Amino acid sequence: MKKIVFITFILIGYMVNAQTGMIKGTIVDKQSETPLVGATIELLNSEVTNGVVTDIDGYFILENVPVGRQAIRVSYIGFESITLPNVVVTSGKDAVINLSLIEAFDQLDEVIITNDNAKAKAINKLATVSARQFGVEEVTRFSGGRSDVGRLAANFAGVSAPDDSRNDIVVRGNSPVGLLWRLEGVPIPSPNHYSTLGTTGGPVSALNPNLLKNSDFITSAFPSEYGNAIGGVFDLGFRKGNLDDNEFTGQVGIFTGVEAMAEGPLGNNKGSFLIAGRYSLVGILGVGAGGTSAAPNYSDISFNVDFGKSKLGNFSLFGIIGFSDIEFLGDDIDEDDLFAAEDENTFVDSGFGVVGLKHQINIGKNSFLRTIAAGSYSLNEFIADRFIDKDTPEERIIRYTEADNTESRLTFSTLFNSKLSNKATIRTGVLIENFQVESLERDRLEQPDNDGDGDPDLFTFTDIDENLSIIQPYAQGQLRLTGRLTLNAGVHGQYSTLNEQFVLEPRAGLSYKAGQNHRFNLGYGLHHQPVSLPLLFLNEEVNGELEQTNLGLDFVRSSHYVLGYDVRISKGWRGKLEVYYQDIDNAAVESFPSSYSSLTEGADFGFQNDRVSLVNEGTGFNQGVELTLEKFFSDGYYGLLTTSVFESKYEGSDGIERNTPFNNGYVVNLLAGKEFKIGRGGKDVLSLDTRVTLSGGRYFTPVNLEASQQAGFEVLREDLAFSDQTDDYFRWDVKLGYKINSRSKKRSHQFYVDLQNVTNNGNIFVRRYNRLTNQVDEVDQIGFFPDFGYKFQF
């Protein structure tokens with residue numbers, strides 16, 4: 001009997017120990033980004049005291065942590081401590097967190113100020129307003145998100161994305177073209193499969209969220225280190241691989257595809273590797289998804305190799321390489337296909353890649369120099385062969401459209417950061433980008449038949465091999481004027497070798513903390529961006545010769561004004577209100593009176609190819625109010641309500657104020673989720689998440705039906721540009737998940753079913769002229785669509 005009792009106790013102890021995980025990470029000084037040696041990490045709400053201190057590299061390992069959501073407190077004498085209430089611990093993978101503490105204003109030795117909502121602040125310490133931090137858990141947790149960071153951003157205040165076919169990010173009424181993507185500190189092309197030259201979105205993201213660390217999304221008045229954008233900034237970073245153990249992940253999902261990931265330690269200097277590859281599941285199965293019956297094939301590989309610390313500093317190699325293709329065959333296409341037509345065979349190939357080498361070295365105790373050299377590319381090939389007299393004895397096929405675009409980019413970035421004192425920090429640097437653009441675009445649309453063969457001529461709109469550079473120096477600093485008042489200010493410069501224009505952009509942000517629970521923010525920024533490359537290089541026939549008449553266009557200019565208020569309502573609850581105004585000028589418009597403006601580009605997969613001899617005389621503005629009410633995950637549930645009420649207008653060369661195609665008017669997002677502990681010991685988790693989105697419809701230009709019927713192609717009423725609006729957009733998503741933590745080994749299983757658009761609401765995708773029926777068709781977006789996924793970690 002004693003043996004049985006003894007064995008029973010051993011088994012119980014083994015099961016308890018097996019149902020634990022590990023929290024590890026690095027703690028640094030937020031101002032200098034140097035490691036904090038001896039910082040204390042404590043596990044809260046635990047029956048057994050559990051805590052560790054950081055080593056000489058600011059690194060810590062907290063072992064024997066019960067699986068589930070845990071809270072930790074990080075503290076260091078003389079610094080403001082942080083309580084992180086929502087660390088997800090599983091049996092299959094170590095939980096990794098990297099935090100930065102800010103030195104107390106008055107160098108307090110005894111009093112420690114606690115910040116419970118660390119994620120409410122941006123990672124970039126110089127971002128004062130309109131900035132939001134997000135993590136991989138949010139990307140994969142929210143319902144309807146398809147594990148896509150772009151679709152995640154659509155839940156934040158100020159962002160509108162009522163289009164199920166693309167992950168374009170419309171920030172405060174700006175075109176998606178105004179968005180800046182950054183990875184590991186350098187700008188990158190659109191990180192999406194099936195993207196096209198000059199755009200920033202696509203149907204499927206090439207960014208693997210399993211590699212991302214906590215990152216920033218900024219919607220206005222960006223800090224001085226960001227340039228060449230007027231709409232928003234996605235500042236992303238890759239996490240390091242596990243420094244102590246080898247870990248593996250296998251995953252499958254409708255949109256994410258089939259995935260394998262490996263990570264672990266590398267070398268003897270605390271280096272690590274992290275690599276993951278994906279291939280489209282629908283491509284393997286040969287079925288359509290996302291609004292088409294054609295099967296999309298896409299694949300990508302992402303990696304981050306950290307070589308550890310040495311006398312020469314820290315080196316790391318990172319990158320993403322992705323390819324995609326799809327064939328739309330007219331005989332197999334449905335009439336309501338979102339991307340293709342029944343009288344065309346269309347072939348699409350695209351690619352995206354970035355590889356960079358990053359180096360960082362400490363200079364003294366409070367400064368560092370970070371240098372990055374990277375190369376990137378984006379390619380897109382589009383071919384459309386059209387049936388003439390389809391389904392008749394005279395049926396034939398002609399090459400109707402072809403485009404072959406490649407953008408190669410070499411980037412060099414260097415940044416020096418120095419903490420002068422606990423009250424002052426400076427940061428200065430320069431970013432140099434060299435673009436090599438090769439573009440061939442030919443089309444018969446709206447062309448005459450000058451050669452008399454009975455078909456419109458195949459006109460060459462672009463045929464170029466161009467090289468240009470953009471140089472961006474900047475300097476900025478943070479001055480903590482008092483314990484409650486902080487000033488962030490700086491200047492950004494931008495020079496283009498294409499038009500030899502140089503501009504200086506002042507940026508400033510002021511933050512005032514009124515008591516423990518209230519904060520007021522004020523921000524201003526001047527921002528410039530070149531007109532999109534597909535417009536700059538367009539050909540125009542002048543005296544029988546083809547000329548690029550848009551090359552001399554100046555930068556589009558935008559001034560941002562923002563006033564914000566943050567309030568901590570109670571523990572775990574946060575409210576935020578922002579009011580903004582954006583004034584835009586120097587937009588490209590036609591030299592004669594018309595409704596066209598470059599501010600309206602980006603609403604589709606490509607750019608208009610007949611807008612030539614443009615001038616910088618267009619204007620526009622965006623203004624609005626945003627409200628965020630957020631319940632951070634605690635007590636088993638979370639909630640997020642974001643509301644935006646805004647107006648987006650522009651003027652073309654005719655001087656008439658019109659709606660932009662992005663002027664939805666309002667957007668409301670409501671997200672909520674609940675977790676239930678189940679199974680033996682409550683170590684497994686059943687989760688329920690839901691999202692409801694409601695927004696105004698997009699404005700569009702009506703079709704001139706009579707003129708279209710006479711011409712045989714779609715003709716729009718440009719005198720009534722963006723005067724009609726689609727019906728309001730409504731979508732409800734529900735996601736059910738189940739997480740199993742192994743009781744005997746280091747492994748975990750996760751399952752989910754994501755029911756998207758559960759009401760099968762027929763949101764309008766487009767109203768377009770059908771050249772086969774000579775009528776205007778109304779095509780709806782994706783209806784009810786069930787997504788599913790499975791992840792295995794060990």
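The values are calculated or read from the model by the stated rules, or taken from the named source; none is laboratory data. Keep in mind the model is a prediction, meaning the values are calculated, not measured. Glycine also receives a Cβ, built like all others from the backbone with ideal geometry; neighbour counts cover every protein chain displayed.
A few points about this structure:
- Evaluated against (1) surrounded by fewer than 18 Cβ atoms within 10 Å (Cβ to Cβ); (2) modelled with pLDDT of 95 or more; (3) not hydroxyl-bearing (Ser, Thr, Tyr), Asp391 falls short on exactly one condition, (2).
- In segment 62-102, residue nearest to Lys24 (Cα to Cα) [restricted to those that are of a type in the set (D, E, K, R) and at pLDDT below 90]: Arg69
- Segment 322-336: number of residues that are in contact (Cβ under 8 Å) with a residue 60 or more places away in the chain and outside any strand (DSSP E or B): 3
- Of all residues in segment 433-449, at least one satisfies being closer than 30 Å to Leu526 by Cα, surrounded by fewer than 17 Cβ atoms within 10 Å (Cβ to Cβ) and under 30 Å from the mean Cα position of the chain (by Cα).
For (1) of a type in the set (Gly, Ala, Ser); (2) over 27 Å from Lys745 (Cβ atoms); (3) surrounded by fewer than 21 Cβ atoms within 10 Å (Cβ to Cβ), each residue gets a yes or a no:
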position: Ser32; (1), (2), (3): yes, yes, no
position: Val37; (1), (2), (3): no, yes, yes
position: Leu44; (1), (2), (3): no, yes, yes
position: Val48; (1), (2), (3): no, no, yes
position: Thr54; (1), (2), (3): no, yes, no
position: Asp57; (1), (2), (3): no, yes, yes
position: Ala71; (1), (2), (3): yes, no, yes
position: Thr83; (1), (2), (3): no, yes, yes
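- When every residue of segment 439-462 is checked against the conditions, none turns out to be in contact (Cβ under 8 Å) with a residue 60 or more places away in the chain, under 30 Å from Ser421 (Cβ atoms) and either in contact with a His (Cβ under 7 Å, 6 or more places away or on another chain) or in the same structural domain as Thr411 (by TED's automatic domain parsing) (or both).
- Looking only at residues of segment 365-408 that are in a strand (DSSP E or B) and among the β-branched types (Val, Ile, Thr), we find that the one that is farthest from Asp443 (Cα to Cα) is Thr371.
- Leading residue by the ranking (modelled with the highest pLDDT) among those in segment 150-171 that are charged (D, E, K, R) and under 23 Å from Ala340 (Cα atoms): Asp168
- Subset of segment 744-794 that is of a type in the set (Val, Ile, Thr) and over 30 Å from the mean Cα position of the chain (by Cα) - its residue that is farthest from Gly144 (Cα to Cα): Thr773
- Residue ranges of strands (runs of 3 or more DSSP E) in segment 600-661 with at least 3 members among the small types (Gly, Ala, Ser) and within 30 Å of Phe142 (Cβ to Cβ): 637-651
- Subset tally (residues that are modelled with pLDDT under 95 and either under 24 Å from the mean Cα position of the chain (by Cα) or within 19 Å of Gly789 (Cβ to Cβ) (or both)) for segment 252-277: 5
- For segment 661-668, the criterion of a residue being under 21 Å from Glu590 (Cα atoms) and hydrophobic (A, V, I, L, M, F, W, C) is satisfied by at least one position.
- Extreme residue, surrounded by the most Cβ atoms within 10 Å (Cβ to Cβ), among residues of segment 532-573 that are more than 28 Å from Ser175 (Cβ to Cβ), within 29 Å of the chain's Cα centre (by Cα) and among the β-branched types (Val, Ile, Thr): Val567
- Selection from segment 299-321 of residues that are among the polar types (S, T, N, Q) and at pLDDT 95 or above: Ser299, Ser302, Asn304, Asn314, Ser316
- Looking across Thr392, Thr346, one residue alone is β-branched (Val, Ile, Thr) and within 22 Å of Phe461 (Cα to Cα). It is Thr346.
- Screening segment 525-538 for residues that are part of a loop (DSSP other than H, G, I, E, B) and either among the β-branched types (Val, Ile, Thr) or modelled with pLDDT under 95 (or both) and picking the one that is farthest from Thr486 (Cα to Cα) gives Leu538.
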